[in-house]
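Colleague: Below is a structure I'd like to ask you about.
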Amino acid sequence: MSIYAIGDIQGCYDELLKLLDVVEFDENSDRLWFAGDLVNRGPKSLETLRFVKSLGETAVTVLGNHDLHLLATALKQRKAGKKDSLTPILEAPDRDELLHWLRHRPLFHHDGDFCLVHAGLPPQWDFAMTEKMARQVETLLQGPGYMDFFRSMYGDKPSQWSERLNPFEQARFTVNCFTRMRYCDLDGKLDFSQKGPLGSQPEHLLPWFAVPGRKSADMKIIFGHWSTLGYHESHNCYAIDTGCLWGGELTALKLGKRVNRFSVGCLQAKN
């Protein structure tokens with residue numbers, strides 16, 4: 001059995017199928033890990049969502065910010081953006097089934113050797129805290145009060161972890177880490193204004209995975225979200241959003257003692 005971790009698809013369905021051909025994916029024996037952001041901006045979000053759902057237990061996907069945006073838009077807790085390509089999903093006959101399935105995806109996945117998140121982890125969290133906070137927020141997302149959660153989910157504050165935060169503040173911070181973070185300072189304070197490649201940020205900011213003393217440093221972490229970073233391997237972390245949506249590539253990593261990279265180019269540049 002082989003496990004392949006795949007970066008942000010964002011509706012680039014044709015490239016996904018081509019990549020699966022390249023790695024010779026066997027649905028009967030292999031497993032796929034998706035780093036989130038299955039949907040939005042690309043041309044075939046509906047097809048992507050249906051396909052990944054159809055894989056059943058063969059595939060795991062963690063939630064990304066665009067996946068949460070789809071759910072919030074469907075629940076009328078967020079307005080669709082000008083660049084969104086979510087209408088085919090929202091108007092699909094199987095819309096409710098797809099959205100229910102998506103809302104029940106995890107924020108964090110691990111198998112003992114590798115961990116999968118969409119964006120990142122704050123430096124204060126070790127494995128136990130990461131799993132604890134993921135499960136707490138997943139319970140809110142999947143429970144009967146999920147509408148209340150979506151009403152309070154958006155916002156850049158609090159920007160720093162503290163045990164003294166109230167439950168909804170902790171949940172918002174957790175979502176922002178798992179699905180939005182790129183840079184933070186030495187104390188773990190999040191900065192959402194910087195989205196560029198390494199070296200473009202102010203001197204006081206570091207990529208989250210390079211903060212000295214990060215408590216998750218012993219975890220092998222795979223993440224997406226950061227297309228301007230591209231493929232990057234350091235600090236026991238693997239960044240695999242290689243910007244397929246923007247004319248780059250869609251990347252897959254074959255996980256094992258040795259990590260092998262596969263990629264396919266964008267079939268048509270997206271505006």
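Colleague: For the subset of region 156-176 comprising residues that are more than 18 Å from the chain's Cα centre (by Cα) and of a type in the set (Phe, Trp, Tyr), which member is surrounded by the fewest Cβ atoms within 10 Å (Cβ to Cβ)?
Modeller: Among those residues, the one meeting the criterion is 168.
Colleague: Identify, please: which residue in region 1-25 is surrounded by fewer than 17 Cβ atoms within 10 Å (Cβ to Cβ) and charged (D, E, K, R) and is, among those, farthest from residue 94 (Cα to Cα)?
Modeller: Per the stated criteria, the residue is 24.
Colleague: Out of all the residues in region 127-143, is one or more in contact with a Ser or Thr (Cβ under 8 Å, 6 or more places away or on another chain), of a type in the set (Phe, Trp, Tyr) and under 26 Å from residue 8 (Cα atoms)?
Modeller: yes
Colleague: Confirm whether residue 165 is among the aliphatic types (A, V, I, L, M) and either in contact with a strand residue (DSSP E or B) (Cβ under 8 Å, 6 or more places away or on another chain) or touching a residue at least 24 places away in the same chain (Cβ under 8 Å) (or both).
Modeller: Spelling it out, it is not the case that residue 165 is among the aliphatic types (A, V, I, L, M) and either in contact with a strand residue (DSSP E or B) (Cβ under 8 Å, 6 or more places away or on another chain) or touching a residue at least 24 places away in the same chain (Cβ under 8 Å) (or both).
Colleague: Counting just the residues of region 241-271 that are basic (Lys, Arg) and touching a Leu at 6+ places or on another chain (Cβ under 9 Å), which one comes out surrounded by the most Cβ atoms within 10 Å (Cβ to Cβ)?
Modeller: Here the residue is 270.
Colleague: Further, regarding this structure: Against the condition crowded, with 24+ Cβ neighbours inside 10 Å and either under 18 Å from the mean Cα position of the chain (by Cα) or assigned to a loop (DSSP other than H, G, I, E, B) (or both), how does residue 28 come out, does it pass?
Modeller: So residue 28 does not fit the description; no.
Colleague: Right, here's the next one. Taking the residues in region 201-235 that are polar (S, T, N, Q) and touching a residue at least 24 places away in the same chain (Cβ under 8 Å) as candidates, determine which candidate is nearest to residue 161 (Cα to Cα).
Modeller: So the residue we want is 216.
Colleague: Hey, another quick one. From the list 40, 28, which one is among the polar types (S, T, N, Q) and in contact with a Ser or Thr (Cβ under 7 Å, 6 or more places away or on another chain)?
Modeller: Just a single option satisfies the conditions, and that option is 40.
Colleague: Condition first: assigned to a loop (DSSP other than H, G, I, E, B) and modelled with pLDDT of 95 or more. Now tell me which residues in region 1-25 satisfy that.
Modeller: 2, 7, 8, 9, 10, 11, 12, 23, 24, 25
Colleague: Can you work out which of the residues in region 104-155 that are of a type in the set (Ser, Thr, Tyr) and in contact (Cβ under 8 Å) with a residue 24 or more places away in the chain is surrounded by the most Cβ atoms within 10 Å (Cβ to Cβ)?
Modeller: This residue is 130.
Colleague: Taking region 247-266, which residues are at pLDDT below 95 and closer than 13 Å to residue 9 by Cβ?
Modeller: 266
Colleague: Within region 86-96, can you find the residues that are outside any loop (DSSP other than H, G, I, E, B), touching a residue at least 12 places away in the same chain (Cβ under 8 Å) and out of contact with any Ser or Thr (no Cβ under 8 Å at 6 or more places or on another chain)?
Modeller: 95
Colleague: Kindly indicate the residue of region 52-67 that is touching a Lys or Arg at 6+ places or on another chain (Cβ under 9 Å) and assigned to a helix (DSSP H, G or I) and also nearest to residue 95 (Cα to Cα) among those meeting that condition.
Modeller: Looking at residues that are touching a Lys or Arg at 6+ places or on another chain (Cβ under 9 Å) and assigned to a helix (DSSP H, G or I), I get 67.
Colleague: Just give me the residues in region 69-103 being charged (D, E, K, R) and surrounded by 12 or more Cβ atoms within 10 Å (Cβ to Cβ), in sequence order.
Modeller: Once the filter is applied, which keeps residues that are charged (D, E, K, R) and surrounded by 12 or more Cβ atoms within 10 Å (Cβ to Cβ), region 69-103 yields 78, 84, 94, 95, 97, 103.
Colleague: Here's a follow-up. Quick check on my filter: what residues within region 101-138 are in a loop (DSSP other than H, G, I, E, B) and acidic (Asp, Glu)?
Modeller: 111, 113, 126
Colleague: Condition first: at pLDDT 95 or above and assigned to a loop (DSSP other than H, G, I, E, B). Can you find one or more residues in region 69-85 that meet it?
Modeller: Looking through region 69-85, none of the residues is at pLDDT 95 or above and assigned to a loop (DSSP other than H, G, I, E, B).
The values are calculated or read from the model by the stated rules, or taken from the named source; none is laboratory data. Since this is a predicted model, take the numbers as computed values, not measurements. Don't worry about glycine lacking a Cβ; one is built from the backbone with ideal geometry, like all the others, and counts go over all protein chains shown.
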